[in-house]
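Quick notes on the structure that follows.
Every number here is computed from the coordinates shown, using simple stated rules; none is lab data. These numbers were taken from a predicted model, which means no experiment stands behind them. Backbone-built Cβ (ideal geometry, glycine too); neighbour counts: all protein chains shown.
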Amino acid sequence: MASLRLFSTNHQSLLLPSSLSHNPLTSSSPRFVKNPSRRSPIRSVLQFNRKPELAGETPRIVVITSGKGGVGKTTTTANVGLSLARYGFSVVAIDADLGLRNLDLLLGLENRVNYTCVEVINGDCRLDQALVRDKRWSNFELLCISKPRSKLPMGFGGKALEWLVDALKTRPEGSPDFIIIDCPAGIDAGFITAITPANEAILVTTPDITALRDADRVTGLLECDGIRDIKMIVNRVRTDMIRGEDMMSVLDVQEMLGLSLLGAIPEDSEVIRSTNRGFPLVLNKPPTLAGLAFEQAAWRLVEQDSMKAVMVEEEPKKRGFFSFFGG
Ligand code: ADP
Ligand code: MG
């Protein structure tokens, strides 16, 4: 029987992300630097003998979207965002999921969010007061649009988010390398707001038909908005189900959506465990398969690289002696 496996075009990205040999909690690497992009590369990167080369104009403004809810947008934002920070880039993650904000929970930063973008826009606080700096990686900051369960504030739309992104670019400590925006599910006002400042997108989907239909619709909307650089992450992949032909393969998904592939993340119970602990998967020691896949996806994002999903025919079993006799 044919089995399906994933291969990367980028040999380097198949290597173990070394960052996992580095404990962020006990590390003596600098916690706060004025311009994190200029600090010396962290140990993790040195194991590749280089830091990923940042391609494209900075800041890279990336929206993480899907259409369907519950496919892993917030998980991707947290893990890709922290991986970028561990590679030495300065990152601001914006939680643009208004009603169902939970990026702060995944990152374990929920108790430190005192102000949100709404207060910044209203002039009740400064932008730097609304930015929550991660204690593990000081070059990672979180910005929430509003308080949990609150409605989209009147007048808060794409223009307001663009204004905030511009303010981030002109901060005295310098513009971040990456601004990543966790988009809400659906294609209504919240979605439009989240995609407005972005110039590239990561489309997260699971290999099921409902998520794919939504992903296809969202791809069209992103293109209409002028976002042409769209890469996808296929999440919750189960090779046992693919082998049993109960789940679409990553190759099938790629052929259906026609997007370049940034990563394929296996279904992993550690994701749920790490979500509940507020400790993103990529920080786990020992590494988990899904954590490694997120790190590799982040590496490809930096270099504007992609991977290829290919179908590999399993070698037919060697015929035994008795097969000559029809055994
Ligand atoms: P979204 O932001 O798209 O609504 P989330 O990132 O909140 O989705 O993920 C929804 C749920 O799926 C969470 O409980 C999360 O832990 C779980 N999840 C996401 N990715 C995986 C994975 N690769 N393996 C197992 N569970 C996952
Ligand atoms: Mg979410």
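Residues in the stretch 256-270 carry Karplus couplings, in order, of 6, 8, x, 10, 6, 9, 8, x, 10, 9, x, 5, 8, 5, 4 Hz; the curve used is 6.51 cos²θ - 1.76 cosθ + 1.60 with θ = phi - 60°, and Gly or Pro positions show x. For the residue pairs Lys159/Lys285; Lys285/Lys308; Lys73/Lys308; Lys169/Lys285; Lys51/Lys159; Lys51/Lys147, the alpha carbons lie more than 32 Å apart in Lys159/Lys285; Lys169/Lys285; Lys51/Lys159; Lys51/Lys147.
Can you give the FRET efficiency for Asp166 and Asn114, using 1/(1 + (r/R0)^6), R0 = 35 Å, r = Cβ-Cβ distance, to the nearest 0.05?
Details: r = 23 Å, r/R0 = 0.66.
Step by step, r from the Cβ atoms, then E = 0.95.
Would you mind counting up the charge near Arg60? Only other residues with Cβ under 10 Å from its Cβ, with Lys and Arg at +1 and Asp and Glu at -1. Residues near Arg60 contribute -4 overall.
Only Cα pairs under 8 Å and at least 6 apart count here; give the relative contact order of the stretch 62-303 as a rounded whole percent. Write down the numbers at each step before the final one.
Numbers: 469 pairs, mean separation 64.8, N = 242.
Once divided by the residue count of the stretch 62-303, the mean separation gives 27 percent.
Considering all projection directions equally, how large on average is the shadow of the alpha-carbon convex hull of the stretch 62-303, in square nanometres?
Working: hull surface 49.5 nm².
Reported value for the Cα convex hull: 12.4 nm².
In sequence order, the stretch 66-72 has phi-based couplings of 7, x, 6, x, x, 8, x Hz under the Karplus curve 6.51 cos²θ - 1.76 cosθ + 1.60, θ = phi - 60°, and Gly or Pro positions carry x.
Given axes a ≥ b ≥ c from the Cα gyration tensor, I'd like to know whether the stretch 201-271 is rounded (a/c under 1.5), prolate (a/b larger than b/c) or oblate. It comes out prolate by the Cα gyration axes. Computed over the stretch 135-196, the range of Cα coordinates on each principal axis works out to 33, 24, 18 Å, biggest value leading.
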